[in-house]
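**Student:** I'd like to ask some things about the structure below.
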Amino acid sequence: MDWSALMISLQLAVWTVAILLLLGLVVGRRLAYSRWRGKVLVEALLALPLVLPPTVLGYYLLVAAGGASPLGRLYERLVGQPLVFSFEGLVLASVVFNLPFAIQPIQRGFEAIPLEVREVAACCGMTARQSLLRIELPLAWRGIVSGAILTFAHTLGEFGVVLMVGGNIPGETQTIAIAIYDRVQAFDQAAAGTMAAVLLAISLLTITLSYALSARIGRRHG
Amino acid sequence: MPVRAVVLRVILRSPIKHSWLVGLLVTALLTLCGSVTAQEAPVVAAAADLQFALVEIAQSFRQETGQDIKLSFGSSGNFAAQIENGAPFQLLLSADEEYVSRLKAHGFTLDDGVLYAIGRIVLFIPHGSTLKADASLRDLRDALVDGRLKKFAIANPEHAPYGRAARSVLQHEGLWEAIQPFLVLGENAAQAAQFATSGSAQGGMMPLSLAQAPALTQRGQFAPLPADWHPPLRQRMVLLRGATGPAKAFYAYLQTPAARAVFSRYGFIPPDER
């Protein structure tokens, strides 16, 4: 059992959730309230990682962040090491391929708030910030949490993009999903079996938590 | 308003009991802080045929020097591509020479590198297969016609040297065209070996160094193929730009008689050069 691979997966998931929660709150809320006609295009773009093969995403990330790209060169000049095949590169890739998993549930959460409720808040003299903190976030909470949980679970499970962008570097970019693949190729069935079982348990736990939570909140609001 | 106050407020006002949420946050923080361990050990990229031999050599290196190194196994071609894209490997043990000279030409290596072994390729037939481990490939030729062969595993010739060797062998015997519909391609030599032993393929070609390892000998029989049926698998290793002390020490260790003895035990032929 390779605990460092599990730790890398968990760290990657935590970073991804942290970044996407912020991004999701801004973008998801904006999209939920927007009546702009071009909104569909933005939504379609953000949903792309759901349907694109991981290899396509991985390829474009390699092209966009690799040593030959402007972004890759800028990063290397600032930080002194390349962006791809590093943990930071994995975080970037992970944020991109989790965009729909975070933003869509958050957007649904804000969309479910009736317009009247927001208008009442405004009429009562609440500032935008007060309305967000006291009215909208508590009402959209379910969507936000399920976005976070889905992102967390999906990051643990991602394989193709991680392999392409991260390589298979133990202690740096070897996530638990990659480590299982690696162990099978090393004819180490015992370790592969243990890690697969751990990943299965964590995933089941996370998803159960997500369902339990939505049931609870459903009752409260229902 | 300070950020912490906002966060606290959000948590307190949320309709969720906060106990588990706080638990989650604490876990997250612990995860983040807990294990950003010192990234000192150099990462060595090694051809997949070294899967067993190099693990053993690395272990004795660790015991003798107290220095840690990390091993990553894969296809030589993939590693070369990753190194050109900036992957932070410090030492590459390729299964051929071409990738090393290409990396050198593009300025990614410290020197010319050293030939460390000559590889051999074998025909592997798993238990339960109706094929014979016959180095002349006569039985394989028959099996192609009489329908006994359903799947045959080799490494991908596009980026795995052992895949290229397998292709050369099959071409030498005039079987390359006929076997096309039956081929399953492993991403590297170890994956080809894993496919060949999975029970879903009737046979495959893999490095002698893998076929001889205990994990595989119990799964089937093998026959080494004539070395003159394919261009020699001259395996070269090279220090990469940015290699540090421990990587250089390991590079030197790999050239000691002790390390060479391990390579020989796994079926590698010592290089005649030097």
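**Student:** Out of B:PRO207, B:PRO224, B:PRO214, I need the residue that is over 30 Å from B:LEU110 (Cβ atoms) and either at pLDDT 95 or above or among the aliphatic types (A, V, I, L, M) (or both). Which one? Working first, answer last.
**Tutor:** Numbers: B:PRO207 fails: over 30 Å from B:LEU110 (Cβ atoms); B:PRO214 fails: either at pLDDT 95 or above or among the aliphatic types (A, V, I, L, M) (or both).
Being over 30 Å from B:LEU110 (Cβ atoms) and either at pLDDT 95 or above or among the aliphatic types (A, V, I, L, M) (or both) holds for just one of B:PRO207, B:PRO224, B:PRO214, which is B:PRO224.
**Student:** In addition: Give A:VAL91, A:VAL84, A:VAL26 a once-over and let me know the one that is of a type in the set (A, V, I, L, M, F, W, C) and either within 16 Å of A:LEU150 (Cβ to Cβ) or without any contact (Cβ under 8 Å) to a residue 24 or more places away in the chain (or both).
**Tutor:** Working: A:VAL91 fails: either within 16 Å of A:LEU150 (Cβ to Cβ) or without any contact (Cβ under 8 Å) to a residue 24 or more places away in the chain (or both); A:VAL84 fails: either within 16 Å of A:LEU150 (Cβ to Cβ) or without any contact (Cβ under 8 Å) to a residue 24 or more places away in the chain (or both).
Only one candidate passes the filter, namely A:VAL26.
**Student:** Ok, one more. Just checking, does the stretch B:236-245 include any residue being buried (at least 16 other Cβ atoms within 10 Å of the Cβ), of a type in the set (Val, Ile, Thr) and at pLDDT 95 or above? Give the steps one after another, and end with the answer.
**Tutor:** Keep residues of the stretch B:236-245 that are buried (at least 16 other Cβ atoms within 10 Å of the Cβ), which gives B:236-240, B:243.
Subsequent filtering for residues that are of a type in the set (Val, Ile, Thr) retains B:238.
Filter once more, so that each one left must be at pLDDT 95 or above: B:238.
Checked against the condition, which is being buried (at least 16 other Cβ atoms within 10 Å of the Cβ), of a type in the set (Val, Ile, Thr) and at pLDDT 95 or above, the stretch B:236-245 yields at least one hit.
**Student:** List every residue pair whose Cβ atoms lie under 7 Å apart, where the two residues are 6 or more positions apart in sequence or sit on different chains, the first residue falls within the stretch B:101-128 and is closer than 18 Å to B:GLU84 by Cβ, and the second residue, located anywhere, is part of a loop (DSSP other than H, G, I, E, B) and small (Gly, Ala, Ser).
**Tutor:** B:LEU110/B:ALA243
**Student:** Does the stretch A:16-54 hold any residues that are modelled with pLDDT under 95 and of a type in the set (S, T, N, Q), and which are they?
**Tutor:** Matches in the stretch A:16-54: A:SER34 only.
**Student:** Before we move on, is B:ALA160 out of contact with any Pro (no Cβ under 8 Å at 6 or more places or on another chain), at pLDDT below 95 and away from chain A (no Cβ under 14 Å)?
**Tutor:** Values: out of contact with any Pro (no Cβ under 8 Å at 6 or more places or on another chain): yes; at pLDDT below 95: yes; away from chain A (no Cβ under 14 Å): no.
Judged against the criteria, B:ALA160 is not a match.
**Student:** Continuing with the same structure: Here is a list of conditions, (1) within 14 Å of chain B (Cβ to nearest Cβ); (2) at pLDDT 95 or above, and A:ALA64 meets all of them except one; can you say which number that is?
**Tutor:** (2)
**Student:** Just for helices (runs of 4 or more DSSP H) wholly inside the stretch A:72-179: which have at least 2 residues that are away from chain B (no Cβ under 14 Å)? Before the answer, list the steps.
**Tutor:** Working: elements: A:87-97, A:99-111, A:115-123, A:137-157, A:160-166.
Output list reads A:87-97, A:99-111, A:115-123, A:137-157.
**Student:** Being assigned to a loop (DSSP other than H, G, I, E, B), without any contact (Cβ under 8 Å) to a residue 60 or more places away in the chain and more than 17 Å from B:ARG167 (Cα to Cα) is the filter here; which residues of the stretch B:129-139 pass it?
**Tutor:** If the condition is that a residue be assigned to a loop (DSSP other than H, G, I, E, B), without any contact (Cβ under 8 Å) to a residue 60 or more places away in the chain and more than 17 Å from B:ARG167 (Cα to Cα), then B:LYS132 is the only one that fits.
**Student:** On the basis of being within 14 Å of chain A (Cβ to nearest Cβ) and at pLDDT below 95, does B:ALA135 make the cut? Steps first, please.
**Tutor:** Values: within 14 Å of chain A (Cβ to nearest Cβ): no; at pLDDT below 95: yes.
Answer is no for this residue.
**Student:** Another question, if that's okay. One residue is enough: does the stretch B:177-196 have a residue meeting the conditions part of a loop (DSSP other than H, G, I, E, B) and in contact with a Leu (Cβ under 9 Å, 6 or more places away or on another chain)?
**Tutor:** No: zero hits.
**Student:** Which one is surrounded by the most Cβ atoms within 10 Å (Cβ to Cβ), of the residues in the stretch A:23-43 that are farther than 13 Å from A:GLU111 by Cα and of a type in the set (D, E, K, R)? Give the steps one after another, and end with the answer.
**Tutor:** Of the residues in the stretch A:23-43, the ones farther than 13 Å from A:GLU111 by Cα are A:23-24, A:26, A:36-43.
Those still in the list that are of a type in the set (D, E, K, R) too: A:37, A:39, A:43.
Values: A:ARG37: 7, A:LYS39: 13, A:GLU43: 15.
Here the residue is A:GLU43.
**Student:** What do you reckon, is A:LEU57 modelled with pLDDT under 95, assigned to a helix (DSSP H, G or I) and surrounded by 15 or more Cβ atoms within 10 Å (Cβ to Cβ)?
**Tutor:** On the way: modelled with pLDDT under 95: yes; assigned to a helix (DSSP H, G or I): yes; surrounded by 15 or more Cβ atoms within 10 Å (Cβ to Cβ): yes.
So A:LEU57 fits the description; yes.
**Student:** Next question, about the same structure. Being over 11 Å from B:VAL238 (Cα atoms) and hydrophobic (A, V, I, L, M, F, W, C): is that true of B:VAL114 here? Break it down into steps so the answer makes sense when it comes.
**Tutor:** Details: over 11 Å from B:VAL238 (Cα atoms): no; hydrophobic (A, V, I, L, M, F, W, C): yes.
No.
**Student:** Cβ-Cβ below 9 Å, separation at least six or inter-chain, first residue in the stretch B:62-88 and more than 7 Å from chain A (Cβ to nearest Cβ) and surrounded by fewer than 20 Cβ atoms within 10 Å (Cβ to Cβ), second hydrophobic (A, V, I, L, M, F, W, C) and assigned to a loop (DSSP other than H, G, I, E, B): which pairs?
**Tutor:** Close Cβ pairs satisfying both conditions: B:ARG62/B:ILE69; B:GLN67/B:ALA41; B:ASP68/B:ALA41; B:ALA81/B:ALA87; B:GLU84/B:PHE108.
The values are calculated or read from the model by the stated rules, or taken from the named source; none is laboratory data. Here the structure is a predicted model, which is why all the values come from computation and not from measurement. Using ideal geometry, Cβ is built from the backbone for each residue, glycine included, and neighbour counts are taken over all protein chains shown.
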